[in-house]
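The values are calculated or read from the model by the stated rules, or taken from the named source; none is laboratory data. No experiment lies behind these values; they were computed from the predicted model shown. Ideal geometry is used to build each Cβ from the backbone, glycine not excepted, and the neighbour counts take in all protein chains shown. Just so you know, the surface numbers come from the protein's heavy atoms only, side chains and all, with ligands and any DNA or RNA stripped out. Shrake-Rupley method; radii C 1.70, N 1.55, O 1.52, S 1.80 Å.
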Amino acid sequence: MFRALLVRELHSHLLTYRFALSAVLLSVLVVGSSLVLGFNHDRRLDAYGEAKAAREQRLAESVDFRTLRWRGTRHEKPPNPLSVFTVGLERELSRSVSISRREPELGGSKYASALYTLFPPPDLLYIVNIVGSLLAMLFAFNAISGEHEEGTLRLVMSNAVARHTVLLVKWLGGYLALMGPFLAAVLLGLLLAALLTSFKLGIGEWAAFAGMLGVAALYLSLFFTLALAISVYTRRSSTSLVTGFLIWVLLVLAVPNVAPIVARAAFPIPSPGAIAGEREAIRRAMWSQFRSRDWRSMSREQRDELRQQAEADADEKTGRLLDDYARRLEGQVAAGVALARISPSSSYVYATASLAGAGLEDYSGLRGYIDRYRDQNLEALASIERERRLLAQGVQDSEERSEILEAPIDPDDLPAFAPPRRPILEVLTGNDVDLLVLIVLNGVFFLAAYVGFLRFDLVD
């Protein structure tokens, strides 16, 4: 009986215009998005190769270690192939960074484009979050109330079928009808992106991609089950549709967008412009004090020592300022994240972006990696300079000594700028709250539908 009811349920979904339009819509959106972002990934790979060649050329032309340490070199992480399906914070993570003795300076976004600014291409995360959740609601809004209005539900129940069986068939048949076009569209987009672009995933990235699909399946199931529960309690399809749409707007559009506004109001912090002004004031005060000294009575070594001391003091004050700003910013972000988690949409976005390597934790991790790399890079330059000075000490010929001291720097002698990707288990552990929210809400909504259906009056 269960199999016959399931086949009937699937058949009823497959023959509707809703299924056909959903299949076409998902195919166009997912495939089109993956191709647009795939070609953009190719352009970013080319730009990354050009920037790497330019950095190596600059190192080959550098002959003054002191100037190199102060002017620095620009680095950027390799493009993330998973950004073809989930952009997340990749726009910020892909920005180049200047590594020198000064505070790291971020360059412009690699996504900088007037067309993309006006019309950003939707990625898979956006499609699932907005379009997929809305389609899930549409697939189930009349699952019970619609058949009750038509009288077919009473006919099915007259065959002595257990109510939990009917409800399970309704859920499973509708969910399979929803996930079929979605998975087909994702596989087609994946295939075309692999054939037409340079898109390629490693072993760890394949595991992350599978995790992204699993989280998407949980998220779509959540809204499908919610719509099923609403259909049980409303009895009329029109009422179910309106109620479901209002709840969808609240959960998907209202809460995630209002939460950051509330967090900014509750935990105010200075603007980046104000922080930049304070940093500039520290530098001006340092140079003003530096110039007020009597330099004529000092040797060059003394002047250099005082300059280094003044710059170290300014860096210390700037560091304290930035550390305080970072702590306050982290508090504001944590408050916004906690408020946004009222909506399952936010939990889905956080978990998926983290799996793609473009989440909040990845952004924080990159900033920490930049600080560590800066110290490693400066230490490597100092080590190379010391080795060359030792080699040059025993050389009498001035030209030969100059060749040793001013020889081009081999990029392989410096640490590679390669931010590590977090292991998949660490990502899942770090997002256990978001995954738990999606799993628990699935269970709560199905339990609500089950309890309501047990009390459902077929005569009314």
Residues (in contact with a helix residue (DSSP H, G or I) (Cβ under 7 Å, 6 or more places away or on another chain), closer than 26 Å to residue 159 by Cβ and not aromatic (Phe, Trp, Tyr)) located in the range 2-26: 5, 6, 9, 10, 13, 14
Residue that is nearest to residue 221 (Cα to Cα), among those in the range 138-167 that are open to solvent by 20 Å² or more (accessible area, probe 1.4 Å) and of a type in the set (S, T, N, Q): 142
Residue count, the range 401-442 (criterion: more than 29 Å from residue 68 (Cα to Cα) and open to solvent by less than 40 Å² (accessible area, probe 1.4 Å)): 7
Residue that is farthest from residue 95 (Cα to Cα) [pool: residues in the range 443-460 that are open to solvent by 70 Å² or more (accessible area, probe 1.4 Å) and either under 19 Å from the mean Cα position of the chain (by Cα) or not hydroxyl-bearing (Ser, Thr, Tyr) (or both)]: 459
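Restricting to the range 1-36, name every residue that is among the hydroxyl-bearing types (Ser, Thr, Tyr) and part of a helix (DSSP H, G or I).
Correct list: 12, 17, 22, 27, 33, 34.
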Hits in the range 313-358 - residues which are closer than 29 Å to residue 204 by Cα, assigned to a helix (DSSP H, G or I) and of a type in the set (D, E, K, R): 330
Hey, residue 221 in contact with a helix residue (DSSP H, G or I) (Cβ under 7 Å, 6 or more places away or on another chain), open to solvent by 50 Å² or more (accessible area, probe 1.4 Å) and in contact (Cβ under 8 Å) with a residue 40 or more places away in the chain or not: no
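Quick check, is residue 386 surrounded by 14 or more Cβ atoms within 10 Å (Cβ to Cβ) and basic (Lys, Arg)? Can you show your working first?
Values: surrounded by 14 or more Cβ atoms within 10 Å (Cβ to Cβ): no; basic (Lys, Arg): yes.
Criteria not met by residue 386.
If we keep just the residues of the range 184-204 that are among the β-branched types (Val, Ile, Thr) and surrounded by 13 or more Cβ atoms within 10 Å (Cβ to Cβ), which is nearest to residue 79 (Cα to Cα)?
Applying the first criterion (among the β-branched types (Val, Ile, Thr)) to the range 184-204 yields 186, 197, 203.
Applying the additional criterion that residues be surrounded by 13 or more Cβ atoms within 10 Å (Cβ to Cβ) yields 186, 197.
Working: 186: 21, 197: 14 Å.
The residue in question is 197.
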Long-range neighbours under 6 Å by Cβ, at least six apart or interchain, first residue more than 15 Å from residue 170 (Cα to Cα) within the range 228-242, second of a type in the set (A, V, I, L, M): 240/230
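One line per residue, one yes/no per condition, for (1) in contact with a Gly (Cβ under 6 Å, 6 or more places away or on another chain); (2) closer than 30 Å to residue 240 by Cβ; (3) without any contact (Cβ under 8 Å) to a residue 12 or more places away in the chain; (4) assigned to a helix (DSSP H, G or I):
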position	(1), (2), (3), (4)
408	no, no, no, no
416	no, no, yes, no
420	no, no, no, no
434	no, yes, no, yes
451	no, yes, yes, yes
Inter-residue pairs, beta-carbon under 9 Å, first closer than 12 Å to residue 420 by Cα and in the range 364-377, second open to solvent by 90 Å² or more (accessible area, probe 1.4 Å), 6+ apart: 365/420; 369/420
Subset tally (residues that are surrounded by 15 or more Cβ atoms within 10 Å (Cβ to Cβ) and of a type in the set (Asp, Glu)) for the range 43-53: 0
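Would you say residue 283 is surrounded by fewer than 20 Cβ atoms within 10 Å (Cβ to Cβ), free of Cβ contacts under 8 Å to residues at least 60 places away in the same chain and closer than 29 Å to residue 331 by Cβ? Before the answer, list the steps.
Values: surrounded by fewer than 20 Cβ atoms within 10 Å (Cβ to Cβ): yes; free of Cβ contacts under 8 Å to residues at least 60 places away in the same chain: yes; closer than 29 Å to residue 331 by Cβ: yes.
So residue 283 fits the description; yes.
Counting just the residues of the range 12-31 that are among the small types (Gly, Ala, Ser) and surrounded by 15 or more Cβ atoms within 10 Å (Cβ to Cβ), which one comes out farthest from residue 174 (Cα to Cα)?
From the range 12-31, those among the small types (Gly, Ala, Ser) are 12, 20, 22-23, 27; that's our starting set.
When the remaining residues are screened for being surrounded by 15 or more Cβ atoms within 10 Å (Cβ to Cβ), the result is 12, 22-23, 27.
Working: 12: 9, 22: 13, 23: 14, 27: 19 Å.
Applying the filter and picking the extreme gives 27.
Those residues that are among the hydrophobic types (A, V, I, L, M, F, W, C), open to solvent by less than 60 Å² (accessible area, probe 1.4 Å) and either closer than 12 Å to residue 260 by Cα or modelled with pLDDT under 85 (or both), I need them from the range 339-354; list them, please. Give the steps one after another, and end with the answer.
First, the residues of the range 339-354 that are among the hydrophobic types (A, V, I, L, M, F, W, C): 339-340, 342, 349, 351, 353.
Subset that is open to solvent by less than 60 Å² (accessible area, probe 1.4 Å): 340, 349, 351, 353.
340 - this is the single residue of the range 339-354 that is among the hydrophobic types (A, V, I, L, M, F, W, C), open to solvent by less than 60 Å² (accessible area, probe 1.4 Å) and either closer than 12 Å to residue 260 by Cα or modelled with pLDDT under 85 (or both).
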Filter pass, residue 393 being under 26 Å from residue 277 (Cβ atoms) and not aromatic (Phe, Trp, Tyr): no
Sole exception among (1) at pLDDT below 90; (2) closer than 22 Å to residue 216 by Cβ; (3) over 29 Å from the mean Cα position of the chain (by Cα) for residue 171, by number: (1)
